[in-house]
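Report on the structure given below.
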Amino acid sequence: LPQLIRDGRFRLYGQRVVPLRNDRGHGHIEVLLRGLDDHDQIVSPGTFLSAAERFGLMPKIDRWVIETLLAGQLDPDCEYAVNLSGQTLMDKHYLPELEALLKASGKAHQISFEITESAAMSGIDTAREYIRRLKLLGCRFALDDFGAGYTSFGQLRALSIDLLKIDGSFISGIADNHDSRLFVKTLLQLAK
């Protein structure tokens with residue numbers, strides 16, 4: 001892991017998010033991180049991200065992802081969803097640096113930060129500050145894994161989230177399970 005970070009042996013990939021209905025809005029690409037081993041073979045994030053979290057290295061990885069993405073050529077008609085770890089979200093000192101980076105890039109309006117429900121709730125005041133200040137620059141925020149944690153709808157409202165990504169455990173059986181459909185429909189109605 002330290003070698004991956006030290007040598008910048010990461011690659012960014014994009015996964016296009018396609019709506020089920022014909023949506024003529026902007027494109028949406030989820031930014032995915034992969035590592036490269038000594039033989040330039042792809043290393044799954046599951047292999048290194050849990051260790052990075054355990055050793056407090058996620059802020060370095062998040063910085064690399066954001067800086068690399070903003071330095072690249074972005075499709076002007078797309079929004080790019082980037083995960084922001086709980087460790088980074090709790091780092092009050094990084095926020096001004098991130099603001100400056102986004103301002104200098106001129107691409108803040110194309111960035112949507114995804115934060116997990118548990119990360120947002122574990123430091124709600126700092127999360128609110130990140131959301132408030134970065135939204136002023138044009139960024140959007142998504143709450144990831146919604147429904148799997150302990151967010152109340154009152155807390156959700158206080159976070160000023162733009163998008164909800166309902167936890168996969170509720171979505172995976174939605175086509176065949178009436179209860180799953182009903183639960184997701186109810187979540188969506190309440191969230192709106």
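The values are calculated or read from the model by the stated rules, or taken from the named source; none is laboratory data. Bear in mind that the values here come from a model prediction, so they are computed numbers and not experimental data. Here the Cβ positions follow ideal geometry from the backbone for every residue, glycine too, while neighbour counts run over all protein chains shown. These area figures cover heavy atoms from the full protein model, side chains too; ligands, DNA and RNA do not enter into them. Shrake-Rupley method; radii C 1.70, N 1.55, O 1.52, S 1.80 Å.
Within region 3-18, restricting attention to residues that are among the β-branched types (V, I, T) and touching a residue at least 24 places away in the same chain (Cβ under 8 Å), which residue is nearest to H39 (Cα to Cα)?
Filtering region 3-18 for residues among the β-branched types (V, I, T) gives 5, 17-18.
Now narrow it down to the ones that are touching a residue at least 24 places away in the same chain (Cβ under 8 Å): 5, 17.
Details: I5: 16, V17: 31 Å.
Within region 3-18, the match that is nearest to H39 (Cα to Cα) is I5.
Given the condition modelled with pLDDT of 85 or more and either part of a strand (DSSP E or B) or out of contact with any strand residue (DSSP E or B) (no Cβ under 6 Å at 6 or more places or on another chain) (or both), answer yes or no: does some residue in region 158-166 qualify? Before the answer, list the steps.
In the first step, residues of region 158-166 are kept if they are modelled with pLDDT of 85 or more; the result is none.
For region 158-166, residues modelled with pLDDT of 85 or more and either part of a strand (DSSP E or B) or out of contact with any strand residue (DSSP E or B) (no Cβ under 6 Å at 6 or more places or on another chain) (or both): absent.
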**OP:** Any chance you could count how many residues in region 103-125 are of a type in the set (S, T, N, Q) and open to solvent by less than 20 Å² (accessible area, probe 1.4 Å)?
**Re:** 2
Subject >> Number of the condition not met by E129 [criteria: (1) buried (at least 19 other Cβ atoms within 10 Å of the Cβ); (2) modelled with pLDDT of 90 or more] >> reply: (1)
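Mind listing whichever residues of region 165-179 are farther than 22 Å from S118 by Cα and surrounded by 10 or more Cβ atoms within 10 Å (Cβ to Cβ)? Please lay out each step first, then the result.
Looking only at region 165-179, we keep the residues that are farther than 22 Å from S118 by Cα, and these are 173-179.
Matches in region 165-179: G173, I174, N177, D179.
What about D7, is it on the phi < 0 side of the Ramachandran plot and open to solvent by 40 Å² or more (accessible area, probe 1.4 Å)?
Details: on the phi < 0 side of the Ramachandran plot: yes; open to solvent by 40 Å² or more (accessible area, probe 1.4 Å): yes.
Taking the combined requirement at face value, the residue satisfies it.
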Original post:
Can you name every residue in region 32-48 that is under 19 Å from the mean Cα position of the chain (by Cα), buried (at least 16 other Cβ atoms within 10 Å of the Cβ) and at pLDDT below 90?
Top reply: P45, F48
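Each row is one residue, and each column tells you yes or no for (1) free of Cβ contacts under 8 Å to residues at least 24 places away in the same chain; (2) closer than 24 Å to A52 by Cβ; (3) over 15 Å from the mean Cα position of the chain (by Cα).
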residue: C78; (1), (2), (3): no, no, yes
residue: L95; (1), (2), (3): no, yes, yes
residue: K107; (1), (2), (3): no, no, yes
residue: F113; (1), (2), (3): no, yes, no
residue: E117; (1), (2), (3): no, yes, no
residue: T126; (1), (2), (3): no, yes, yes
residue: I131; (1), (2), (3): no, yes, no
residue: K135; (1), (2), (3): no, no, no
residue: D145; (1), (2), (3): no, yes, no
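Can you tell me which residues in region 48-60 are in a helix (DSSP H, G or I) and either more than 16 Å from L12 (Cα to Cα) or touching a Gly at 6+ places or on another chain (Cβ under 7 Å) (or both)?
The first filter runs over region 48-60 and keeps only residues in a helix (DSSP H, G or I), leaving 48-54, 58-60.
Within region 48-60, F48, S50, A51, A52, E53, R54, P59 meet the criteria.
Matching residues to (1) within 27 Å of A71 (Cα to Cα); (2) polar (S, T, N, Q); (3) at pLDDT below 75:
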position: A119; (1), (2), (3): yes, no, no
position: D125; (1), (2), (3): no, no, no
position: L137; (1), (2), (3): yes, no, no
position: S152; (1), (2), (3): no, yes, yes
position: H178; (1), (2), (3): no, no, no
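How many residues does region 49-58 hold that are within 17 Å of E114 (Cα to Cα) and open to solvent by 20 Å² or more (accessible area, probe 1.4 Å)?
The first filter runs over region 49-58 and keeps only residues within 17 Å of E114 (Cα to Cα), leaving 49, 53, 58.
Among the residues that remain, those that are also open to solvent by 20 Å² or more (accessible area, probe 1.4 Å) are: 49, 53.
Counting residues in region 49-58 that are within 17 Å of E114 (Cα to Cα) and open to solvent by 20 Å² or more (accessible area, probe 1.4 Å) gives 2.
Looking at region 103-118, which of the residues that are hydroxyl-bearing (S, T, Y) and part of a helix (DSSP H, G or I) is farthest from H28 (Cα to Cα)?
Narrowing region 103-118 to residues hydroxyl-bearing (S, T, Y): 105, 112, 116, 118.
From what's left, part of a helix (DSSP H, G or I): 105, 118.
Details: S105: 19, S118: 24 Å.
Selected residue: S118.
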